[in-house]
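Structure first, commentary second.
The values are calculated or read from the model by the stated rules, or taken from the named source; none is laboratory data. Please read all numbers here as calculations on a predicted model, not as lab measurements. Ideal geometry is used to build each Cβ from the backbone, glycine not excepted, and the neighbour counts take in all protein chains shown. To get the accessible areas, we keep the full protein, side chains included, count just its heavy atoms, and leave off ligands, DNA and RNA. Shrake-Rupley method; radii C 1.70, N 1.55, O 1.52, S 1.80 Å.
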Amino acid sequence: SSEGIHADDDRVLQAVWRDNKLWVVNTIKPIAGSDADQVTAHWYQIAADPQSSLSLADQGDIHGEELDPLGGAVHTYFPAIAVNEDGDVGIVFAASGQNLYPGAYYTGRNASDAMGAMQPARALRAGAARREPGDRRRCEPVCRTRRDPGVRLSRHQEQGGTVSRVQGRRLPVR
């Protein structure tokens with residue numbers, strides 16, 4: 001369809017407080033860089049030491065270009081975030097592009113990963129149909145509901161290794 005999805009809402013969509021850190025996600029439209037003029041999910045980690053002021057500790061974009069089978073631009077939007085007791089992060093988000101039907105995807109990072117880094121995005125529920133002109137339904141990740149506004153992220157021991165899960169899906173943990 002030539003009519004786009006209305007995904008450029010830049011308000012904070014979710015925040016998580018864990019260990020004196022505030023994790024926040026929203027959607028931005030960068031004016032420079034690889035995602036310039038492209039709707040992009042963005043995350044922030046804000047240090048909140050009770051004895052001092054707030055400070056930006058880390059942040060990053062969720063690009064999603066690896067999701068397009070033809071390598072085209074991918075828009076990422078409507079993110080939701082979860083942080084477990086180890087500081088590992090899981091983010092679900094909606095994504096679409098010229099060659100990618102709207103769907104729900106996820107990414108994550110270990111607490112030990114490099115600043116600003118996220119693992120490659122993977123499908124939680126890939127889009128299977130195009131949207132028709134006039135279809136004004138919001139395209140949000142399937143795990144964002146009114147009853148469960150967050151993402152469940154937990155650690156499990158499995159065959160001697162550790163894996164993280166988002167809504168029952170495995171996140172690769174390096």
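Observations
- Positions within the range 99-130 being over 9 Å from the mean Cα position of the chain (by Cα) and assigned to a strand (DSSP E or B), in sequence order: Leu100, Tyr101, Pro102, Gly103, Ala104, Arg109, Arg122, Ala123, Leu124, Arg125
- Matching entry among Ala117, Ala111, Ala129 (being within 15 Å of Gln59 (Cβ to Cβ), in contact (Cβ under 8 Å) with a residue 24 or more places away in the chain and open to solvent by 10 Å² or more (accessible area, probe 1.4 Å)): Ala117
- Looking at the range 29-87, the strands (runs of 3 or more DSSP E) lying wholly inside it that each contain 3 or more residues that are open to solvent by less than 10 Å² (accessible area, probe 1.4 Å) and either in contact with a Leu (Cβ under 9 Å, 6 or more places away or on another chain) or of a type outside the set (D, E, K, R) (or both) sit at 40-47, 74-83.
- Within the range 29-60, the set of residues being touching a residue at least 24 places away in the same chain (Cβ under 8 Å) and β-branched (Val, Ile, Thr) comprises Val39, Thr40, Ile46.
- Check on Ser96, modelled with pLDDT of 85 or more, among the hydroxyl-bearing types (Ser, Thr, Tyr) and assigned to a loop (DSSP other than H, G, I, E, B): no
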